[in-house]
Every structure is written in structure tokens, then in C-alpha cells.
Amino acid sequence: MENNSRKEKAIPGDKLAVVEEFEPGEGTYEVNGEIRASILGKINIDNKNKLITIETHVKKNDMPKPNDKVEGIIENIIGPGAILKIIKVNEKENFEFLSGVIEIRRSRGQRESGVDVTDRVRATVFSVVDGNIYLNIREQNDGVVSSKCIECCSQVVKVDRGVKCVECGLERFKKLALDFK
Ligand SMILES: [Zn+2]
């Protein structure tokens, strides 16, 4: 835990502990030796079993299932994952404060993830494990559906392998959905 301020609630991406201290349990994931929250909920610390979990109010049958389509906003990018705040599941609005993790594969020399914070992204659920929703954007119609410049918030246009800002000219590599606009 950071300092002495024990937080009660976590949002996806929050650092909870390091693996030397605790085991990552339900609602958490591990990246670079750190345990982070993957869902929004109450932090449960089991000191006896050295286990840290996040308790969510989302009912099991409200959870998306593999192959469902979700849409949301990128909230955070941490190590190999981008946290997507899910606002639609299979085209239906969702108000359950769900978040998923989009696995990002960085190929040689390519350091950009294909999505940026605040991008609106469509993704496919490939697994749901212990309350964690794992997503990918490999399908043709998955990826960024709308975006703004990360530097100046201006409009961007589609270019060869991503987008370019109409104001400042910044180009970003992105995995765009077919219907990007
Ligand atoms: Zn710009």
C-alpha cells in the first residue's frame, strides 16, 4: 500500500500492493511485480492468507461473456494493458461500472500501443476470469472508433497507420476500427 493512507475503494489501474506482500486475487492483476485493480470495487485485504481482492457489486450474469462486443473509453494504460471503461455491451448501454483490460502486444521497436487514453474503442471479450474481463482489438472492426489529439484535444483525421491532428500535426499510430470517424 502507498504510504499510510489505506484506500477502501479502487478504480481500475490503481496500485494495491506488490507481489512480495500479497497474492493477486479476484478483481486484480499483476504487472511488473505490482498488483493493480482491474475492476471498480471495494478493496479486501486478507492478511492471514496474504491475499488482496476487489469486491464488485456486479452480478455474475451481468458480466460480459467471451465473444461479446464491448465499447468504452480508454482510462489508463499500464504496462501491457489498456484499461477500458465499458459503456456498451453488445450495443446496449451498460451502467455497471465495468472495466476490461485490453492486452497490448508491442512488436519490435514499436512502443505505441495502438490506443491512447480518452480514445473510444470497440473490443471483443476473449475471456472472463475471476471478475476480470480480458479484451482484444484484433478483429477488423475492433479498435479506435473515435479519437482526439492527445496533445491539444483537436480533431484528428485518418492517415496511413493511425491518425493525425488537424491543428498541431501530431501523428499517433492507432489500431482503427473500420468505421472510425
Ligand atoms: Zn494536436
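Observations on the model:
- R0 of 30 Å, Cβ-Cβ distance Arg161-Glu34: FRET efficiency to nearest 0.05: 0.45
- Here segment 5-98 is assigned +1 on the Cβ of each Lys and Arg and -1 on the Cβ of each Asp and Glu. Its dipole about the Cα centre then comes out at about 180 debye.
- Low-density loop positions, GluC sites (Glu not before Pro), segment 43-86 - DSSP coil, at most 15 other Cβ in 10 Å: none
- Assigned charges on the beta-carbon of Lys, Arg, Asp, Glu; segment 60-142 dipole about Cα centre (debye): 280 debye
- Mean separation of Cα contacts under 8 Å (6+ apart) over length of the chain, as relative contact order %: 15 percent
- Sequence-ordered 3J(HN,Hα) estimates for segment 18-23 from the Karplus curve with 6.51, -1.76 and 1.60 and θ = phi - 60° stand at 10, 5, 5, 8, 9, 8 Hz, glycine and proline given as x.
- Dipole magnitude of the chain about its Cα centre (Cβ charges: Lys, Arg +1; Asp, Glu -1), debye to nearest 20: 420 debye
- Whether segment 9-55 is rounded, prolate or oblate, judged on the alpha carbon gyration tensor where a/c under 1.5 counts as rounded: oblate
- Other residues lying with their Cβ under 13 Å from the Cβ of Gly143 contribute a combined charge of +4, Lys and Arg counting +1, Asp and Glu -1.
- Note on Glu93 and Lys15: their simple-model spin labels are 3.7 nm apart, each label 7 Å out from Cα toward Cβ.
- Amide hydrogen proximity for Asn132: with H placed 1.01 Å from N in the peptide plane, the residues at 5 or more positions away or on another chain lying under 5 Å are Gly27.
- Pair Ser154, Leu170: separation of 7 Å Cα→Cβ label points (nm): 1.2 nm
- Dipole of segment 9-55 [Lys/Arg +1, Asp/Glu -1 at C-beta], most positive-end residue of Gly33, Leu51, Pro12: Pro12
- Here the spin labels are modelled as points 7 Å beyond Cα on the Cα-Cβ line, and at Val58 and Asn44 they lie 1.7 nm apart.
- Segment 108-181 and segment 20-47: distance between their alpha carbon centers, rounded to Å: 27 Å
Where a number appears in this text, it was derived from the coordinates with a stated rule and is not lab data. All of these numbers come straight from a predicted model, not from anything done at the bench. Note that we place each Cβ from the backbone using ideal geometry, even for glycine, and neighbour counts take in every protein chain shown.
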